[in-house]
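To keep things clear, I will list the structure first and then write my remarks on it.
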Amino acid sequence: MEWDLEKTVREFVIRNFIFDDDGSLQAETSFLDSGIIDSTGVLELIAFLEETYQVKIEDQEIIPENLDSVHNIVSFLERKLGAAPNLQRAEAN
Amino acid sequence: MCGIAGILARTESATIQEKTFLRMISALRHRGPDESGVYLSPHVGLANTRLSIIGIDGGTQPIGNEDGTLWIVFNGEAFNYVELKSELVEKGHRFATPTDTEVVLHLYEELGPDCLNRINGQFAFAIWDSSREELFLARDRVGIRPLHYYCDAHMFAFASEIKALFQHPDVPRTLDAEALAQVFTLWTTVTPRTIFRGIEELPPGHYMRVSKNKVWVERFWSLPARLMENRRVPSPGAAREELQALLTDAIRIRLRADVPVGAYLSGGLDSTLIAALTSRHFNNRLKTFSIGFEEERFDETRFQREAVQHLGTDHHWIFARNADIREHFPSVVWHCEKPLLRTAPVPLYLLSRAVRDQRFKVVLTGEGADEVFGGYNIFKETKIRRACALHPHSRLRPLLLEKLYPYILNNASPGQAYLEKFFAASPQDLLDPVFSHRVRWRNSGRNCTFFSSAVQSDLTGFSPVHVLIDRLPPEFSDLDPLSQAQILEMEIFMSNYLLTSQGDRVAMAHSLELRMPFLDYRVIEFAMRLPPHWKIFGLTEKHFLRRTFADLLPASVTHRPKQPYRAPIREAFPFTTPPDYVDDLLSESAVRRAGYFNLAKVAGLAKKVRAPAAVAAGETQDMAFLGILSTQLVHHQFVENFGARDLEPIVPKKRIVITRNRSHSFDEATILSC
């Protein structure tokens, strides 16, 4: 399977928060500003990322700079996965 | 308590068909199962179904005055009727019944519309004033009792519930897209609008005069919110004494009934206080009622038990299982007549049935204390957000946000940074007249994206919040922030949701009358004089109320933080085998046929919310799911299949028929049976 962080994250957000690809979600769209994800929805997002990419997201990492748009998540994950190359990439299996 | 309905023909050619008229009142049988009566003239009809509480044997409605020029149908209570009656007797009025209804009629005869300022009660009524050829309708100050109407060039029709209006073939049954957007954003419609196009409600604290050619609506009471410098604030000690006296008296007059009066006891401060005052001063064998939940996070049984032990009341529990909520949700929507974003009305519907089974017709409740004395989290949220906006560099203030909504966050928080951004407010935002509710409405308003493209295009240029802002009184922006938030909460949410969907409708579904001492207008007016920090002291809600009555309550209740009354949503609607009405109404064909929602989005949302291992979180999505399901139910029950429902016809006990006497110029009254 192709390793495409952006596609996977984008699809998750559409499937779980928008429910139909109405074209409103851009890579830079702020989830909070646009109302796509509320403060409780963030918990769902974190659970998904932790499970899919087998990473542990620390409390201090739960900040909008890391998680508030598809783009922010991808950059955050790349940093995180890059820093921990031994982590099993669940999706790649 | 009763159901009322009526018609005024507005053209000479329009006459009232008795059969249609009886169908209208038959639709309100649940509101008044004891007896019924009609007044019919060629151009006017009044009808009543009665739940007999005061003057049981002699109070059949409609009731006329001494010379038969005025006729009244009345729903509710005028609690101070005893005092009013003595005044009227002194002025020479003669009474034929022992009822409060007749007192209201003579009070109108004496004072006209000013009579409303004298009535301490919860009511919706109509008086046909035959000498003025005018219908006079009024609704209590805060909207405890409902009153809806429909008006076109040919007729004016009114009724306690919309389903009675729909019995008339000329009354259209279509949903209003703008009202739907209001419900999805503000959690309810904004008065006078209802979810049905062309059907309005008389706003709380208003009266209405209707003649053949004219309809006019006037306000007689508004929430007395004043600038701090214009308030006459008593000393704390005097204020406590005043509140003790007022609330006790509010209960005293609310116990006036010729049937036993019970009380709801949720285990929270407000209902425990009402039960405590009642059993201490008036009834030491009080019967109380409460709800327990299958879902632990909604259950308050432990606190109810402590309150019962402390008060020594004779207590009756019901238990709300998730399956009960699912099963009875369609009936609740039928009674509430609007889409619902919460399931909380369902257990109250089950409770009223249990109370009725115990042969009670009347209960006291603690409703209204949160609005009047500052109990809601949204008031505290506003306080914190204001503090953050005024001190943007404070590190400590935003930490308070995390404490606010533990019941929504399920004891897991997304983290401080997120809450800060979610609730963020800038100094500029403080100028927003609806600052207190903006975050809530922005959040729920997002659910309007589930509407179909047809509904979205109907909504082009429409803003539910702007409509509301336009209705705010001119002095609103100068008031203190708590008063502003209280006004919004009381004007929007209290009468249209709390007192209807969690109040009148689900209680009257089982012919049960609720009485709310905290909503005695004297208590409201007193509370609005108190400084805001007496009500919410630091972040302690209802501080003044707690302190005033601390001696009367168990410490566990006095010191217990408020737990909002809520009921499960996603736990009640998982996929089941075999499928049931939920699957039918959310099927692609049903959603397409109704036309309100986007098919793909509804399917995606339902799949997520109803999944066996539904992930925690998603309060807003739960509300979207329930809003969609209940809108489908409204459509199914009121638009698509309305005529299919069986209606047991009422045979009126009292029938007053006015026929045009051709040999005389007057009308002649014929009382056919009484």
**Request:** Working carefully through the options B:S444, B:S457, B:S453, find the one that is more than 14 Å from every other protein chain (Cβ to nearest Cβ), modelled with pLDDT of 85 or more and closer than 29 Å to B:E201 by Cα.
**Result:** B:S457
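If I ask for residues that are within 14 Å of another protein chain (Cβ to nearest Cβ) and part of a loop (DSSP other than H, G, I, E, B), which ones from the range B:567-606 would you list?
Matches in the range B:567-606: B:I569, B:N598.
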**Request:** Test B:S630 against the stated conditions and say whether it is assigned to a helix (DSSP H, G or I), polar (S, T, N, Q) and under 26 Å from B:V171 (Cβ atoms).
**Result:** yes
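A quick yes/no check of all residues on (1) within 21 Å of B:V142 (Cα to Cα); (2) touching a strand residue (DSSP E or B) at 6+ places or on another chain (Cβ under 7 Å); (3) not β-branched (V, I, T):
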site	(1), (2), (3)
B:R10	no, yes, yes
B:S41	no, yes, yes
B:T60	no, yes, no
B:H93	no, no, yes
B:Y108	yes, yes, yes
**Request:** Could you check how many residues of the range A:38-64 are assigned to a loop (DSSP other than H, G, I, E, B) and either under 19 Å from B:A606 (Cβ atoms) or facing chain B (nearest Cβ under 9 Å) (or both)?
**Result:** 5
**Request:** May I ask you to list pairs of residues, at least six apart or on different chains, whose Cβ atoms are under 7 Å apart, with the first in the range B:415-433 being on the phi < 0 side of the Ramachandran plot and more than 13 Å from chain A (Cβ to nearest Cβ) and the second being outside any helix (DSSP H, G or I) and surrounded by 13 or more Cβ atoms within 10 Å (Cβ to Cβ)?
**Result:** B:P433/B:L472
**Request:** Among residues belonging to the range B:307-343 that are among the basic types (K, R) and farther than 20 Å from B:S266 by Cα, point out the one that is surrounded by the fewest Cβ atoms within 10 Å (Cβ to Cβ).
**Result:** B:R326
**Answer from B:V639, B:V634, B:V609 - the residue that is away from every other protein chain (no Cβ under 11 Å), of a type in the set (V, I, T) and under 29 Å from B:S266 (Cβ atoms)** = B:V634
**Request:** Restrict the check to the range B:542-549 and report whether at least one residue is surrounded by 16 or more Cβ atoms within 10 Å (Cβ to Cβ) and part of a loop (DSSP other than H, G, I, E, B).
**Result:** yes
**Request:** List every residue pair whose Cβ atoms sit under 7 Å apart, with the two residues 6 or more apart in sequence or on different chains, where the first one lies in the range B:1-18 and is within 12 Å of B:Q61 (Cβ to Cβ) and the second, anywhere, is modelled with pLDDT under 90 and of a type in the set (D, E).
**Result:** none
**Residues (in contact with a Lys or Arg (Cβ under 8 Å, 6 or more places away or on another chain) and either crowded, with 24+ Cβ neighbours inside 10 Å or within 24 Å of B:A257 (Cβ to Cβ) (or both)) located in the range B:1-27** = B:M1, B:C2, B:G3, B:L8, B:A27
**Item:** Complete set of residues in the range A:27-43 that are closer than 24 Å to B:L599 by Cβ and surrounded by fewer than 21 Cβ atoms within 10 Å (Cβ to Cβ)
**Value:** A:T29, A:S34, A:G35
**Request:** Could you list, in sequence order, all residues of the range B:69-105 that are in a helix (DSSP H, G or I) and surrounded by fewer than 24 Cβ atoms within 10 Å (Cβ to Cβ)?
**Result:** B:V82, B:E83, B:L84, B:K85, B:S86, B:E87, B:L88, B:V89, B:E90
**Request:** Starting from residues that are among the aliphatic types (A, V, I, L, M) and at the interface with chain A (Cβ under 10 Å from one of its Cβ atoms), keep the ones in the range B:615-625 and report whichever is surrounded by the fewest Cβ atoms within 10 Å (Cβ to Cβ).
**Result:** B:A616
**Request:** Pull up the range B:150-161, narrow it to residues that are surrounded by fewer than 23 Cβ atoms within 10 Å (Cβ to Cβ) and touching a strand residue (DSSP E or B) at 6+ places or on another chain (Cβ under 9 Å), then point me to the one that is nearest to B:G445 (Cα to Cα).
**Result:** B:Y150
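Based on this model, can you work out whether A:E28 counts as touching a residue at least 12 places away in the same chain (Cβ under 8 Å), outside any loop (DSSP other than H, G, I, E, B), away from every other protein chain (no Cβ under 14 Å) and among the acidic types (D, E)?
Values: touching a residue at least 12 places away in the same chain (Cβ under 8 Å): yes; outside any loop (DSSP other than H, G, I, E, B): no; away from every other protein chain (no Cβ under 14 Å): yes; among the acidic types (D, E): yes.
No: the conditions fail for A:E28.
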**Only listed residue being touching a helix residue (DSSP H, G or I) at 6+ places or on another chain (Cβ under 8 Å), on the phi < 0 side of the Ramachandran plot and at pLDDT below 95, chosen from B:H316, B:H335, B:H391** = B:H391
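Only one residue in B:S290, B:S271 is surrounded by 21 or more Cβ atoms within 10 Å (Cβ to Cβ), within 24 Å of the chain's Cα centre (by Cα) and under 30 Å from B:T101 (Cβ atoms), so which one is that? First the steps, then the outcome.
Details: B:S290 fails: under 30 Å from B:T101 (Cβ atoms).
Criteria check complete, one pass: B:S271.
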**Request:** Determine whether the range B:30-51 contains at least one residue that is at negative phi and assigned to a helix (DSSP H, G or I).
**Result:** yes
**Prompt:** For the range B:135-165, how many residues meet the condition of being among the hydrophobic types (A, V, I, L, M, F, W, C), farther than 28 Å from B:M623 by Cα and in contact with a Phe, Trp or Tyr (Cβ under 8 Å, 6 or more places away or on another chain)?
**Reply:** 9
**Item:** Selection within the range B:308-341 - within 22 Å of B:H148 (Cβ to Cβ) and of a type outside the set (S, T, N, Q)
**Value:** B:P330, B:V332, B:V333, B:W334, B:H335, B:C336, B:E337, B:K338, B:P339, B:L340, B:L341
**Asked** Right, B:T548: over 29 Å from A:D20 (Cα atoms), modelled with pLDDT under 95, in contact with a helix residue (DSSP H, G or I) (Cβ under 6 Å, 6 or more places away or on another chain) and polar (S, T, N, Q) or not?
**Response** no
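The values are calculated or read from the model by the stated rules, or taken from the named source; none is laboratory data. These numbers were taken from a predicted model, which means no experiment stands behind them. Glycine gets a Cβ as well: all are built from the backbone with ideal geometry, and neighbour counts include every protein chain shown.
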